[in-house]
Each structure stands twice: as structure tokens, then as C-alpha cells.
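Input: a single structure, listed below in C-alpha cells.
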Amino acid sequence: MDVYVLWLVNTIARFGYPGIVILMFLESTFVPVPSEIVIPPAGYLAAKDEMNLALVIVCGIVGSILGALFNYVLAVALGRPIISKYGKYVLFPPERFERVNSFFVEHGEISTFTGRLIPGLRHFISFPAGLARMNILRFVGYTAFGSAVWVTILAYIGKLVGDNLDLVQRYSRQALLALFAVMVVVFAVYIRQYRKKLALGRNFARRHRTE
């Protein structure tokens, strides 16, 4: 792993900002290139004044968006036909797909944003968005928002601790724990507002029927 991190540092130093975009594009698809070992080395180079930290963050976000769009388009083009034909063989029959699809249609924005902050899930959250035909501008917006939070955290971790992989992993885990705590609060507020919205809708429908 240390050799891999050294290779990433050298690769980013050699190819510069386009290298960050390409690696983060791969990270956002299904290629196993963890962002935790892509962005911190770039932050480390920024600490050495060999790169600009703001541009590192922007390139990381751009690469994440492009990779997420790749998965989104793949899901739009191939997802439904494959699930309709083969879903029942992998415990994902059409009725279960429709339930998942309905959930994402209703809660796609919050799912896309928080999904970008969860390891393992961030690589695949674009697929349900594509299957549900989520509005692409909203998809890009919430993907960019979630990616910006995570990429910024990783860039500053790299700037602070350099290319020390153990420290990068330790601070990344601590950052994830903090983000999970924040997401719990965000979800609680979202659910409360959603329930209020449903209650207002029911009350409006009840008054409309009585009139």
C-alpha cells in the first residue's frame, strides 16, 4: 500500500490536475481506486506548494461528477432491461425494483447527497438515480455537494499529515465518524420535515373533500 501511495503521489505530480480528475473519475465508477489514497497525496503536494489546494479540490469534485454521470448514464441505458430480465435470479424481482425505484423517486436528493459520503456506497449511488431517471441537474448538484464535502476533508487531511498513510487512514476514519453523526441529524430533520409535508397534504385533501 505504501508503494501504491508513492506511485499515486508521483503520478499526480507528473500529470497534475488532469491526473486528479482521471483518478477521481475512476473512483466514482466501479473501479477500486479509493479517494482516501487519491486526494490526500494531492493535498500533500499542495502543502509543498507544488499544487494549488483550491484547484485540487475542484478537480476532485469534477472527477467525482464525471464518474457519477458515467454510472448514471449506464443505469439509464442498460439498467431496466437487465433488471427486468435477470433481476429475479439475484433476489431482485420486478416488484422489489419498483419499491426501490419509488423510494428513490421520493427521496433521491437526500440519498444522493448522503450516499456520496458513505464508503462503498458512493461508488454505486448513481445507479438507482439513473434507474429512477432522477432529474439530471439535481443529480449533478447533490453529487457535487456531497463530493465537495468529502474531497475538501481529504485534501486538508493530506495537507496536514502529508503522505503518511497510517495518519491519513486514522483521520479519515475520524472524519467519517463525524460525518455519520452529522448525517444522523440531517436525516432526523429531513424525516421530520417530510412527515410535516405529508400531514399538510392530508389535511389539505381532507378540507378539500369536505368543501
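The table that follows gives values for the structure above.
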read-out: Selection from region 33-53 of residues that are under 19 Å from Thr143 (Cα atoms) and in a loop (DSSP other than H, G, I, E, B); value: Val33, Pro34, Val38
read-out: Matching entry among Arg138, Arg122 (being at pLDDT 80 or above and of a type in the set (Lys, Arg)); value: Arg138
read-out: Identity of the residue in region 21-49, more than 13 Å from Val161 (Cβ to Cβ) and among the hydroxyl-bearing types (Ser, Thr, Tyr), that ends up modelled with the lowest pLDDT; value: Ser35
read-out: Selection within region 132-152 - in contact with a helix residue (DSSP H, G or I) (Cβ under 9 Å, 6 or more places away or on another chain), part of a helix (DSSP H, G or I) and surrounded by fewer than 21 Cβ atoms within 10 Å (Cβ to Cβ); value: Ile136, Arg138, Val140, Gly141, Ala144, Phe145, Ala148, Val149, Thr152
read-out: Meets criteria (among the aromatic types (Phe, Trp, Tyr), without any contact (Cβ under 8 Å) to a residue 24 or more places away in the chain and surrounded by fewer than 18 Cβ atoms within 10 Å (Cβ to Cβ)) for Phe180; value: yes
read-out: So Val168, is it crowded, with 20+ Cβ neighbours inside 10 Å and modelled with pLDDT under 80; value: yes
read-out: Residue match in region 188-209 (condition: at negative phi, assigned to a helix (DSSP H, G or I), surrounded by 13 or more Cβ atoms within 10 Å (Cβ to Cβ) and at pLDDT below 70); value: no
read-out: Failed criterion for Phe124 (all others in (1) among the hydrophobic types (A, V, I, L, M, F, W, C); (2) part of a helix (DSSP H, G or I); (3) touching a residue at least 40 places away in the same chain (Cβ under 8 Å) hold); value: (2)
read-out: Among the residues listed as Asn10, Asn52, the single one being modelled with pLDDT under 75 and farther than 24 Å from His123 by Cα; value: Asn10
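The values are calculated or read from the model by the stated rules, or taken from the named source; none is laboratory data. Here the structure is a predicted model, which is why all the values come from computation and not from measurement. With ideal geometry, Cβ positions are generated from the backbone for all residues, glycine too; neighbour counts draw on all protein chains shown.
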